[in-house]
1. Being open to solvent by 10 Å² or more (accessible area, probe 1.4 Å) and either in contact (Cβ under 8 Å) with a residue 40 or more places away in the chain or small (Gly, Ala, Ser) (or both) is the filter here; which residues of the range 298-317 pass it?
2. Looking only at residues that are open to solvent by 30 Å² or more (accessible area, probe 1.4 Å) and of a type outside the set (Asp, Glu) in the range 88-97, which one is nearest to Tyr312 (Cα to Cα)?
3. What is the number of the single condition among (1) open to solvent by less than 40 Å² (accessible area, probe 1.4 Å); (2) in a helix (DSSP H, G or I); (3) in contact with an Asp or Glu (Cβ under 9 Å, 6 or more places away or on another chain) that Lys65 does not meet?
4. If only one of Ile9, Ile15 is open to solvent by less than 20 Å² (accessible area, probe 1.4 Å) and not small (Gly, Ala, Ser), which one is it?
5. Within the range 160-173, restricting attention to residues that are outside any loop (DSSP other than H, G, I, E, B), of a type outside the set (S, T, N, Q) and farther than 15 Å from Arg281 by Cα, which residue is least open to solvent (accessible area, probe 1.4 Å)?
6. When Ile120 is evaluated against the numbered criteria (1) part of a helix (DSSP H, G or I); (2) β-branched (Val, Ile, Thr); (3) in contact with a helix residue (DSSP H, G or I) (Cβ under 9 Å, 6 or more places away or on another chain), which criterion, by number, is the only one it fails?
7. Can you pull out every residue in the range 232-243 that is of a type outside the set (Gly, Ala, Ser) and under 18 Å from Ile161 (Cα atoms)?
Amino acid sequence: MKSFDIPEIYKSNLITTIKQVRRAKDKLKKDFSPTELDFGNVKILLSRHFGFCYGVENAVEIAYKTLEDNPGSSIFLLSEMIHNPEVNADLLSRGVKFLMDTKGQKLIDFESLEKDDIVIVPAFGTTIELQNELSKKGINPYKYDTTCPFVEKVWNRAAQIGERGYTIVLHGKPDHEETRATFSHSKENTPTIVVKDMADAQKLAAYIRKEKSKEEFHREFEGKFSENFNPETDLDRIGVVNQTTMLASETQAIADYLKSEIISFRKISELESQAYFANTRDTLCYATNDNQEATQALMLTDADAAIIVGGYSSSNTTHLVELLEQKMPSYFIRNADSLLSLSHVEGFDIHSKSVISDYTFLSKLENPVIALTCGASCPDSIFEDVLVKLLSFYGISEESISEKINLMQ
């Protein structure tokens with residue numbers, strides 16, 4: 001796989017060594033068991049897969065190279081590069097300005113842009129409407145485009161099955177940048193509707209079964225379907241694609257459920273269902289799959305608690321928290337500063353959507369086992385800082401950590 005030129009501030013010798021050792025011993029990536037760092041009075045279980053994915057590394061490389069190659073130019077990011085506050089803060093400190101927030105609200109009037117200004121499209125991609133708006137200003141929206149190749153793969157697959165007469169059911173968060181971008185591209189080719197979760201899919205099934213009216217559909221799915229969407233005809237043939245950072249298992253469950261509803265309603269066989277349901281299993285992102293399978297492997301361990309590191313607006317990181325909290329107390333933190341002590345963590349509650357002070361039980365445990373992972377937009381340097389600070393609470397020095405990791409080779 002291609003290697004990227006990532007700024008030194010995001011690298012970590014410790015984490016790189018761990019990843020290289022695991023990669024060398026498991027070239028086919030079939031072993032999802034965690035990496036054990038046993039220090040006697042504490043054991044750390046590092047997820048098999050974590051940190052910058054291909055799409056994020058690609059975006060970071062393009063953004064920083066653009067800055068390096070264009071000194072003195074006005075450089076804008078369409079919105080956050082990735083959902084990591086440290087990365088975005090560093091770009092802002094270098095003079096980059098954001099044109100929009102993560103919800104798509106404009107922070108800078110596009111009318112103020114000049115044709116020589118540089119606009120970087122983030123890893124999530126962007127909508128056709130925004131591409132056209134930039135083009136009208138004389139700005140090429142594709143010149144500095146960091147859209148993740150796996151997001152583009154979803155767009156291409158949606159276009160392919162759309163051209164064959166299938167309606168696209170998009171599993172994603174309606175207000176997320178990637179979902180908005182995928183929706184925009186998909187609706188150019190075929191009717192498209194967004195479902196957030198299985199509850200939405202179950203609502204949609206009632207229209208597949210022709211049980212509810214067009215008027216009810218418009219009320220239930222307001223703002224989530226393309227113009228002139230007709231539930232009476234557009235749900236006869238469908239295919240499911242996803243926002244790449246969603247839970248892959250949930251996307252597959254939604255697809256399987258809708259397919260079963262079609263088979264039941266039409267009284268057809270599995271083979272015959274291919275005429276009404278397109279196979280889109282190949283659109284699931286490999287990095288999302290790997291991170292989630294590695295997280296599920298953490299859930300099978302005897303860990304007393306989990307710490308998950310990443311930006312609080314990161315969708316893929318949130319899903320790792322959702323998985324781990326099913327099995328063990330889980331603390332979603334932004335960086336090492338969130339670890340105040342073994343008994344006091346400032347983290348993010350994904351349910352109340354707020355930062356909270358959590359008084360953990362770790363200080364009361366003898367020889368605890370702690371699972372540790374991070375999202376796809378978390379730099380290795382931040383992950384290392386968390387690992388080092390956490391172990392410092394147990395009297396373990398950075399030198400001791402390095403020695404332990406070097407013994408793995």
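1. First, pick out the residues of the range 298-317 that are open to solvent by 10 Å² or more (accessible area, probe 1.4 Å): 299-304, 312-313, 316.
Those that are open to solvent by 10 Å² or more (accessible area, probe 1.4 Å) and either in contact (Cβ under 8 Å) with a residue 40 or more places away in the chain or small (Gly, Ala, Ser) (or both): Thr301, Asp302, Ala303, Asp304, Tyr312, Ser313, Asn316.
2. By that ranking, first place goes to Ala89.
3. Condition not satisfied by Lys65: (1).
4. The conditions single out Ile15.
5. Per the criteria, the residue is Gly162.
6. (1)
7. Thr233, Asp234, Leu235, Asp236, Arg237, Ile238, Val240, Val241, Asn242, Gln243
Residue-wise test of (1) among the aliphatic types (A, V, I, L, M); (2) without any contact (Cβ under 8 Å) to a residue 40 or more places away in the chain.
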{"site": "Lys29", "(1), (2)": "no, no"}
{"site": "Ile44", "(1), (2)": "yes, no"}
{"site": "Ser74", "(1), (2)": "no, no"}
{"site": "Leu78", "(1), (2)": "yes, no"}
{"site": "Ile82", "(1), (2)": "yes, no"}
{"site": "Leu99", "(1), (2)": "yes, yes"}
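The values are calculated or read from the model by the stated rules, or taken from the named source; none is laboratory data. Just so you know, these numbers come straight off a predicted model, no measurement behind them. As a convention, Cβ positions derive from the backbone with ideal geometry for all residues, glycine included, and neighbour counts pool all protein chains shown. The accessibility values were calculated without ligands, DNA or RNA, using every heavy atom of the protein model including side chains. Shrake-Rupley method; radii C 1.70, N 1.55, O 1.52, S 1.80 Å.
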